[in-house]
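Here is the structure we will look at.
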Amino acid sequence: MTGRPYRLYQFLIAALVVVGDRASKWLIARSIPLNGSGIQVIPRLFRITHVENRGAAFGLFAESPAAWKTSLLVVLSLLAMAVITYLLWKSDHALDSTAIGLSLILGGAAGNLWDRLVHGRVVDFLHFYIGEHIWPDFNVADSAIVVGAILLMADIVFPQPHPGKIAS
C-alpha cells in the first residue's frame, strides 16, 4: 500500500520521537542535578547524567563563543527538516527502512530544535565511557538521528530491489 495512511505512520514515528525526547529531557532536568555525578547504571560503561549542550549533536561546537552559533543551528535544523519532510511527502514508499530512517531523523531534529528555540541549549544525559575513553553525552533525539542515518546508509550499501523492477 502507498499513499496517505503511510504518511500518517511516518509522521507518527517522528512525533513519537519528539514525545519520547521531551519526556526524557523533562524527567532528567527534574530528577538529576545539572553537571552532577548522575546515576551509575552499568559500572565502567554507562551513566545517566544531566548536562546542557549549546553546540550541535554530541557537543560539536559547544565551546565556540560565536554569538550566531545557535541561530545557525536552528536554521540548519529547519532546512534539514524541510528537506526530510519533502522527501517523506513525495515518497510513495510505505514503511520501508528509508521512510523509517527519515522519520527518525525528522523526529530527532524536531526534538533538539525545540530545546534550541525554547532554551538556547539541548539537554543531554546518556553518558557512555570505557576507562578514560568517553563518548560525548547525548539524548533520545540524537539517538533517533543516528539510528535513522544508519538505516539510510544500510539502504545505500544493501539496496533492496523494488517490486516490479528487475535487479541488476
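In square nanometres, what is one fourth of the surface area of the convex hull spanned by the alpha carbons of the range 4-157?
10.2
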*Between F128 and Y86, what length in nm is gained on full extension when 0.36 nm per residue of separation is reduced by their alpha carbon distance?*
11.7 nm
*asked:* Give me the extension gain from F46 to V74: residue separation times 0.36 nm, minus the current Cα-Cα distance, reported in nm with one decimal.
replied: 7.1 nm
*Obtain the nm distance between the two label points defined at W26 and Q160 by a simple spin-label model: each point lies 7 Å from its Cα along the Cα-to-C-beta direction.*
3.5
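Any read-out appearing in this document is the output of simple, stated calculations on the displayed coordinates, not a laboratory observation. The model shown is predicted, which means the values in this text are computed figures rather than measured ones. All Cβ positions, even for glycine, are placed from backbone atoms using ideal geometry, and neighbour counts span all protein chains on display.
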